[in-house]
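The values are calculated or read from the model by the stated rules, or taken from the named source; none is laboratory data. Small disclaimer: the values here were computed from a predicted structure and weren't measured. For neighbour counting, all protein chains shown are included, and Cβ atoms are generated from backbone atoms with ideal geometry for every residue, glycine included. Accessible surface is based on the protein model in full, side chains and every heavy atom, while ligands, DNA and RNA are left aside. Shrake-Rupley method; radii C 1.70, N 1.55, O 1.52, S 1.80 Å.
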Amino acid sequence: MSAPTAVMKKADALRLKLRHHNHQYHVLDEPEIPDAEYDRLVRELQALEAAHPDLVTPESPTQRVGAEPVAAFGTVQHRLPMLSLDNAFSETELRDFHRRVTERLELDASTELEYSAEPKLDGAAVSLLYEQGKLVRGATRGDGTRGEDITHNVRTIEAVPLQLMGKHFPASLEVRGEVFMPRAGFAAFNAAAVKKGEKTFVNPRNAAAGSLRQLDPKLTAERPLDIYVYSVGSVEGGTIPDRHSDVLERLREWGLKVCPERKVVEGIDACLAYYEDIGRKRDQLAYDIDGVVYKVNSIEQQETLGFVSRAPRWAIAHKFPAQEELTVVRDIEFQVGRTGAVTPVARLEPVFVGGVTVSNATLHNMDELHRKDVRVGDTVIVRRAGDVIPEVVKIVPDRRPKGTRQVKAPAKCPICGSKVVREEGESVARCTGGLFCAAQRVEALKHFVSRRALDIDGLGSKLIEQLVELDRIGTPADLFDLTKEELIELERMGEKSATNLLASIEASKSTTLSRFLYALGIREVGEATASSLASHYGKLEAVMRADEEALQQVPDVGPVVASRISAFFAEKHNQDVVRKLQDSGVTWEEFEPKPDSGGGKLAGMTFVLTGTLSRMTRNAAKDSIQALGGKVAGSVSNKTDFLVAGDKAGSKLTKAQNLGIEVLTEEALEKLLGDQ
Ligand code: IVH
């Protein structure tokens, strides 16, 4: 049964809408509707098509994914050969090219010839054939004469229009461009592949080419591919403009995606300026490029120039320094980051890559080191793309000499000697030194002085960095014997600010146990946990003495947090820091915890606060609850008695509801607090 006219109209309208939003999102990068709304439109169309299969057209936006796997690729004969480009690696080579061009065109070498300048995208070349505006074929470049038929795969790339926009396109139009995988998508794709134990790609270019050659289009559809088109191939039944830059503009009007960095320049000096300009921008671009391409802009002049063997005489690629190079691993050492992460680093035979000399490259973590099986003495591919830190991509097995050395993960921190631990399920190993470890000192100190910790006003990051650099501060205890004389010596420190700073250091000495515990920067111990610990134990000694099992009796403390706390206090140097702080005069009021936390009317009850409270601040609510003997925890568990849900409460509310925990509104809490 064929679909009624009204349904047909509806499906057409939906397709038009989706085509428009696809174009806005994938080509113009200016989405007009949220993703969820877009998905709803797709589902609406899918439902119509399911009910009326005769409505489905190959151009329908629903037909991009889910096509059946193709058995193998067919071969495509290119109507016009897909050419390659000659390269210029220096200014001289570029000037030679310009001279050859002007000579052939019988122009003076000083002629300010117009060039279309474009980034040279690092992906895979494709040919897209549109008949009557519909995408009928996609092909790889292959050998330039014959390519593979990858129609099913290119159809899954959202930025490839299945139907051209407007009306005045040629009856038959072949467009050429580069399919690429943006850097972010590449990183995410590889990270996911590592997790699943699947094959990773060496670089975004390989990833793009590999994805295009998937036999199952569903797999291609899952890859974050994108495209910029950069020229036309065969054109029948219509005309195209006579300047290359106008051709690109026209392609853009027809809904194809062209690179926004393209520019018309006049003369060879302008080409060089463009090269410099794009070179500076290179790291910020969302995708890899390996140079720029200059094309004589006049199509008539292009025809006069013609081509030799496989490359046109009217275009040249001006290459950037390579982003991947080979070098030898001299050693593998371990670096400790500011958060304690212990990272293996390869010390390399210095190599020029990505425009700089690289002598260190990250190996990320022990899993990566093992997965890549990098050993001292190996020859490796180093990659420095964008502004990311150089990394060892892979080893070259054929070049492995005899006697390479494997490296084991360190048990002790190379900086401070503390134990290095790796939690289950974590890829990173960490130094447990915390405050004590010089590598982590700056971060630990910043946290120690922050507003909700000891709250030392006037001690900013720059100052901390200076003090640590001068080796004046090893542990936070050293903050308390800073003198005015030495402070004044520091950069940007006048007498007045030194006096003020000393005053706030002095004032910070009188604190609370909860703030003190939080300030220590024990991993996983946030404010809520610190405050639970303080009200549960009342005394620092008691917290320090508690074993893991006892700690788990505290609201908000599960097995992981308990192990972090007990590991922290087990380290002798952490105990020392705590003593020194107390000796420096840091104090708080201690109390004997009463069984069930004593007399307050909320004693023994644990609250969790979530969402935005409108009538009091969270801290005020917390203080009031604690004043009445209640406990406030940071996360919902079966130890929670009440969840106070403000506006826009999210997952905690759902969790509380699932656990059958009583949910209070802000008003209800107020009543509970006030109703004494
Ligand atoms: S024009 C005759 N423009 O570079 C024109 N190619 O080394 C040939 N490429 O196979 C292509 N960005 O895959 C052109 N803006 C650009 C390009 C570009 C990347 C690739 C293309 C080509 C290869 C030649």
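For the range 579-597, residues that are assigned to a helix (DSSP H, G or I) and at pLDDT 80 or above total 5.
Of all residues in the range 536-561, those satisfying the criterion of being assigned to a helix (DSSP H, G or I) and crowded, with 21+ Cβ neighbours inside 10 Å are Tyr537, Val543, Leu551, Val561. Hey, could you check the range 165-195 for residues that are under 33 Å from the mean Cα position of the chain (by Cα) and in a loop (DSSP other than H, G, I, E, B) and say which is surrounded by the most Cβ atoms within 10 Å (Cβ to Cβ)? Restricting to residues being under 33 Å from the mean Cα position of the chain (by Cα) and in a loop (DSSP other than H, G, I, E, B), the top hit is Met181. Considering (1) modelled with pLDDT of 95 or more; (2) closer than 29 Å to Arg146 by Cβ; (3) open to solvent by 20 Å² or more (accessible area, probe 1.4 Å), the lone condition that Ala317 does not fulfil carries the number (3). Among the residues here, Ala191 qualifies as without any contact (Cβ under 8 Å) to a residue 24 or more places away in the chain, under 30 Å from Val393 (Cα atoms) and more than 16 Å from the ligand (Cβ to nearest atom). The set of residues in the range 201-221 that are part of a loop (DSSP other than H, G, I, E, B) and either in contact with a strand residue (DSSP E or B) (Cβ under 9 Å, 6 or more places away or on another chain) or surrounded by fewer than 15 Cβ atoms within 10 Å (Cβ to Cβ) (or both) comprises Val202, Asn203, Arg213, Leu215, Asp216. Exactly one residue out of Arg141, Arg104, Arg79 is of a type in the set (D, E, K, R), open to solvent by 10 Å² or more (accessible area, probe 1.4 Å) and modelled with pLDDT of 95 or more: that is Arg104.
Looking only at the range 376-408, residues that are open to solvent by 60 Å² or more (accessible area, probe 1.4 Å), in contact with a strand residue (DSSP E or B) (Cβ under 7 Å, 6 or more places away or on another chain) and closer than 30 Å to Ser563 by Cα come to 0 in all. Within the range 365-375, the set of residues being of a type outside the set (D, E, K, R) and open to solvent by 30 Å² or more (accessible area, probe 1.4 Å) comprises just one member, His370. Looking at the range 365-386 only, could you name the residues that are touching a helix residue (DSSP H, G or I) at 6+ places or on another chain (Cβ under 9 Å) and over 11 Å from Thr327 (Cβ atoms)? Asp367, Glu368, Arg371, Asp373, Val374, Ala385, Gly386, listed by residue number.
Remark: Glu253 falls outside the filter, which requires a residue to be surrounded by fewer than 18 Cβ atoms within 10 Å (Cβ to Cβ), modelled with pLDDT of 95 or more and within 16 Å of the ligand (Cβ to nearest atom).
Within the range 622-671, can you find the residues that are among the aliphatic types (A, V, I, L, M), in contact with a strand residue (DSSP E or B) (Cβ under 7 Å, 6 or more places away or on another chain) and at pLDDT below 90? Selection gives Ile625, Val632, Ala633, Ala649. Residue count for the range 325-337 satisfying the condition of being modelled with pLDDT under 90 and either within 10 Å of the ligand (Cβ to nearest atom) or open to solvent by less than 50 Å² (accessible area, probe 1.4 Å) (or both): 1.
The residues listed here are Arg40, Arg19; of these, the one that is under 23 Å from Asp226 (Cβ atoms) and at pLDDT below 90 is Arg19. When Ala317, Ala341 are screened for being in contact (Cβ under 8 Å) with a residue 24 or more places away in the chain and within 15 Å of the ligand (Cβ to nearest atom), only Ala317 passes. Does Arg99 meet the test of being of a type outside the set (Ser, Thr, Tyr), open to solvent by 70 Å² or more (accessible area, probe 1.4 Å) and closer than 25 Å to Arg282 by Cβ? No, not satisfied. Being in contact (Cβ under 8 Å) with a residue 12 or more places away in the chain, closer than 22 Å to Gln552 by Cβ, open to solvent by 80 Å² or more (accessible area, probe 1.4 Å) and not hydroxyl-bearing (Ser, Thr, Tyr) is the requirement here; does Asn638 meet it? Criteria met by Asn638.
The test for being modelled with pLDDT of 90 or more and part of a helix (DSSP H, G or I) holds for Ala47. Just one of (1) in a loop (DSSP other than H, G, I, E, B); (2) under 27 Å from Val235 (Cβ atoms); (3) not polar (S, T, N, Q) fails for Glu198. It is (2).
Taken across the range 404-418, residues that are in contact (Cβ under 8 Å) with a residue 24 or more places away in the chain and assigned to a helix (DSSP H, G or I) do not occur at all.
What are the residues in the range 292-314 that are over 17 Å from Leu113 (Cα atoms), open to solvent by 30 Å² or more (accessible area, probe 1.4 Å) and either in contact (Cβ under 8 Å) with a residue 24 or more places away in the chain or near the ligand (Cβ under 9 Å from one of its atoms) (or both), if any? Passing the criteria: Phe307, Arg310.
Here Gly425 fulfils each of the conditions (1) of a type in the set (Gly, Ala, Ser); (2) farther than 29 Å from Arg183 by Cβ; (3) exposed (fewer than 14 other Cβ atoms within 10 Å of the Cβ) apart from (2). Being among the aliphatic types (A, V, I, L, M) and exposed (fewer than 13 other Cβ atoms within 10 Å of the Cβ) narrows it down to one residue among Ala603, Ala620, Ala645; which is it? After applying the criteria, what remains is Ala620.
Here is a list: Asp277, Asp283. Which entry is out of contact with any Phe, Trp or Tyr (no Cβ under 9 Å at 6 or more places or on another chain), away from the ligand (no atom under 15 Å from the Cβ), over 30 Å from Asp378 (Cβ atoms) and not small (Gly, Ala, Ser)? Unique residue meeting the criteria: Asp277.
Taking the range 338-364 on its own, how many of its residues are open to solvent by less than 50 Å² (accessible area, probe 1.4 Å) and outside any strand (DSSP E or B)? So the answer is 4. The test for being open to solvent by 40 Å² or more (accessible area, probe 1.4 Å) and of a type outside the set (Lys, Arg) holds for Asp86.
Scanning the range 361-373 turns up no residue that is within 16 Å of the ligand (Cβ to nearest atom) and of a type outside the set (A, V, I, L, M, F, W, C).
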